[in-house]
Structures are given as C-alpha cells and as structure tokens.
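A.B. asks: My questions will all concern the structure given below.
No value in this document is a laboratory result; all are computed from the given coordinates. Bear in mind that the values here come from a model prediction, so they are computed numbers and not experimental data.
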Amino acid sequence: MPRICVAIQAETNTQIIKSVLKADKADLIEIRLDYRKETLNLPAIRKSTDKLLIATNRRKDQGGNAVEPEQERLGLLMDAVDAGFDYVDIASTTESLAETVQALKAKGAKVIVSYHDFE
C-alpha cells in the first residue's frame, strides 16, 4: 500500500504546527529541523498530530540548511526522538554514521539512511 509523506520546511513552531495540521491526508510527515529560525518545541510538535513523524536535520553539503557543529546537529535529532518522533532521516555522509544510527535505534527510533547525489 503506497504511503504519502509530506515534507515541512518551516521556520517557527507555529508555522510547523499549522503545516502539520494541514497535512491531514499524509501518512508520514517529515519535519525539516534545518529550516528552523527559533528553538523548536519538539514535544509540542509531536503532540500536534498522531501521524508518523520523521525528523531531518541536514547540513548544507547534504542538501540542507544546518550550520551548527555536528554534535549539536545530531543532538537535535536525538531530542526529536526523545520527544516521540518515530523516524530519523540521516544522510549517509554523516560523521560517525554507524554509531549515530546505533544510538538513535537504542532510543527507539526507526532510522532512514539517505543518499543524495546533487551533481
């Protein structure tokens, strides 16, 4: 059975939650954490829907906007799992990929390892 995933690239908690609520036909919702312009209230985002949530936080070289240090970038993904997000989408070029995947799975997340060829 096909599934529909909606990617949300919003800057604020309010924008994210409004977009999540509009995605009522989606089976999964990807929250692009790398588009944020404020500290995200991940538990509030999680509580705004019963849909499966995917957390993504890509560096610029991975097609995203994240510019923070790698530990901080990955920490935000861990925080999303702690808040109840179901999946984490992580790029195959992530530093310490195997250890990061293991840590995410240990927290109960399902992990999607993505590869993107931007050339």
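A.B. asks: Past 20 Å, Cα to Cα, is the threshold; run Lys25/Lys47; Lys25/Lys51; Lys22/Lys107; Lys25/Lys105; Lys37/Lys110 against it and keep the listed order.
C.D. replies: Exceeds cut-off: Lys22/Lys107; Lys25/Lys105; Lys37/Lys110.
A.B. asks: Follow-up question, since we're still on this one. Mean residue ellipticity at 222 nm from the helices of the chain, using -39,500 (n - 2.57) per DSSP H segment of n ≥ 4 over the full residue count, to the nearest 500 deg cm²/dmol?
C.D. replies: Dividing the helical sum by the residues of the chain leaves -9500 deg cm²/dmol.
A.B. asks: Related question: How big is the chain by Rg and Dmax over its Cα atoms, in Å?
C.D. replies: Just the Cα atoms of the chain yield Rg and Dmax of 13.4, 39 Å.
A.B. asks: Excluding residues fewer than 8 places away in the same chain, name every one of the aspartates and glutamates whose C-alpha is closer than 17 Å to that of Lys60.
C.D. replies: Within reach: Glu11, Asp34, Glu68, Glu70, Glu72, Asp89, Glu95, Asp117, Glu119.
A.B. asks: Would you mind calculating the gained length between Thr93 and Ser114 on full extension (0.36 nm times residue separation, minus the Cα-Cα distance), in nm to one decimal?
C.D. replies: Extending this stretch completely gives an extra 6.7 nm.
A.B. asks: In degrees from 0 to 90, rounded to the nearest 10, what is the angle of the helix 97-106 Cα long axis to the longest principal axis of the chain?
C.D. replies: 40
A.B. asks: Enter the angle in degrees (range 0 to 90, nearest 10) between the Cα long axis of helix 13-22 and the first principal axis of the Cα atoms of the chain, meaning the one along which they spread out most.
C.D. replies: Once rounded, one gets 60 degrees.
A.B. asks: Below 8 Å between Cα atoms, with a sequence gap of 6+, how large is the relative contact order for the chain in percent?
C.D. replies: This gives 20 percent for the chain.
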